[in-house]
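Report on the structure given below.
The values are calculated or read from the model by the stated rules, or taken from the named source; none is laboratory data. For clarity, every value in this text was computed on a predicted model and none was experimentally measured. Ideal geometry is used to build each Cβ from the backbone, glycine not excepted, and the neighbour counts take in all protein chains shown. Calculation scope for accessible area: heavy atoms of the full protein, side chains included, ligands and nucleic acids excluded. Shrake-Rupley method; radii C 1.70, N 1.55, O 1.52, S 1.80 Å.
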Amino acid sequence: MHPGGEEANGSWAAGDREQEQLSFAALLEDSAEDLYENAPCGYLSTLMDGRIAKVNGTLLKWLGYRREELVGRRKFPDLLTIGGRLYHETHFSPLLRMQGEINGIALELKAADGSRLPVLVTSKVKQDRDGEPLLIRTTLLDAQDRRAYERELLRARQEAERDRERLQRLAATLQRTLIPPVLEPVPGLDVAEHYHVASSDEVGGDFYDLFPLAEGRWGFFMGDVRGKGADAAVVTSLARYTLRAAAVSDPEPAAVLANLNTALNLQAQEDEPRFCTVIFGLLTSGGNGTGFHIVLAGGGHPPAVVMRADGTADYRPTPGGQLAGVVQDAQFTTVTVDLRPGDTLLLYTDGLTEARTPNAGERYGEEALLDFTRALAPAPASATGTVKALTRLLDSFGEGLDDDTALLAMSVPPAGR
């Protein structure tokens, strides 16, 4: 290395530092008065009675006034809109006198040309050595961009609320098309139903129906489609109308579910299977008030509850019945139930048994439901009374009932009624 290289490099470095210091010193040459006058915010000093004693150029530029028009001639409230003056007199000024400081208050200034300027105002009382107030120093920040942002935010929120209301109306309308508004009356049978909607924004997948097939014979069903929303609504609609159509051509319950299984498999997509739990029943009148004979076929649905006139209640499961729509050759099993005077048959979806209880989030469960129905049975239970009691139970779960729930009860009135 050249003997003088290090010395030369040191001189260059020293020269750079000196130049940097000179540049920094040039920045500091801005006078305090210049910083005050041309600050990016408005500055205002007033006497305790509000008369303007000092104002910076930034605020004068915003409002379009000359200095001599304000200093010693106007008061701070004179620069405010009518609403701002009222707020200043009733809230701003009293709080400032009590606290000595007030921060970030949104007000509107009225410019010389009559236009309005939204600002955020911060004021602080300056005191003398004895603690006596001398004047009020006020900083004003231009809030036009903030006000525009707030208006846009409000507009977006209102639009979102309108969209949500439209969605809720659409969901409610669609939901009403998927469940019967009124069940067909069955002579000699008390029928009651209830549908709990867990979300007003989404269409649920629970469905049920009761309809005539022939003289003295009716079909009924209850099901629960996988998922929610539009996709679930498509499957629900397909299932409901397929069950009704299949029952007309062949009312044998297992055959009805087999037809539904075929329809669901034909509509299934590789990445989006379409399936449901379902239970279908064929109801035949015994005549002369003797009761009804029921054939039930189940496809993975929660078991029906049979409540007897003698006060007993038990599940009537359909063991081995598979979900409809999962496999092409699904198997469905059937069982029979005889409803005599005073007996009740209850169908429900799993929103009831899977509701969360107050006990550390435990699920309600099938055992609890069976105990509940056994407590009702000695009434003797009626379909109307059973559904009313279960509706009160659903209400007691509060937010723990987070899934749609359908109830369908049928009972034969006791003899003599």
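Couple of notes before you dig in:
- For region 103-155, a tally of residues being closer than 16 Å to Leu47 by Cα and either of a type in the set (A, V, I, L, M) or open to solvent by 50 Å² or more (accessible area, probe 1.4 Å) (or both) returns 11.
- Test: residue in region 340-363 that is within 30 Å of the chain's Cα centre (by Cα), touching a residue at least 40 places away in the same chain (Cβ under 8 Å), open to solvent by 50 Å² or more (accessible area, probe 1.4 Å) and farther than 30 Å from Ala255 by Cα: yes
- Restricting attention to region 214-266, the residues that are of a type in the set (S, T, N, Q), touching a residue at least 40 places away in the same chain (Cβ under 8 Å) and within 22 Å of Ala406 (Cβ to Cβ) total 3.
- Options Thr373, Thr391: the member that is part of a helix (DSSP H, G or I) and under 16 Å from Leu339 (Cβ atoms): Thr373
- Among residues of region 59-68 being of a type outside the set (Lys, Arg) and in a helix (DSSP H, G or I), the one that is most open to solvent (accessible area, probe 1.4 Å) is Glu68.
- The set of residues in region 69-114 being aromatic (Phe, Trp, Tyr) and either part of a strand (DSSP E or B) or in contact (Cβ under 8 Å) with a residue 40 or more places away in the chain (or both) consists of Phe76 alone.
- Within region 278-289, considering residues that are out of contact with any Pro (no Cβ under 8 Å at 6 or more places or on another chain) and over 15 Å from Tyr208 (Cβ atoms), the one surrounded by the fewest Cβ atoms within 10 Å (Cβ to Cβ): Asn288
- Among the conditions (1) farther than 16 Å from Leu135 by Cα; (2) in contact with a helix residue (DSSP H, G or I) (Cβ under 8 Å, 6 or more places away or on another chain); (3) buried (at least 16 other Cβ atoms within 10 Å of the Cβ); (4) in contact (Cβ under 8 Å) with a residue 60 or more places away in the chain, the only one that Cys41 does not satisfy is (3).
- Of all the residues in region 227-247, those that are surrounded by 19 or more Cβ atoms within 10 Å (Cβ to Cβ) and acidic (Asp, Glu) number 0.
- Among residues of region 364-393 being over 30 Å from the mean Cα position of the chain (by Cα) and of a type in the set (Val, Ile, Thr), the one that is surrounded by the most Cβ atoms within 10 Å (Cβ to Cβ) is Thr386.
- Which listed residue is out of contact with any Leu (no Cβ under 7 Å at 6 or more places or on another chain) and either open to solvent by 50 Å² or more (accessible area, probe 1.4 Å) or β-branched (Val, Ile, Thr) (or both), from Asp224, Asp209, Asp250: Asp250
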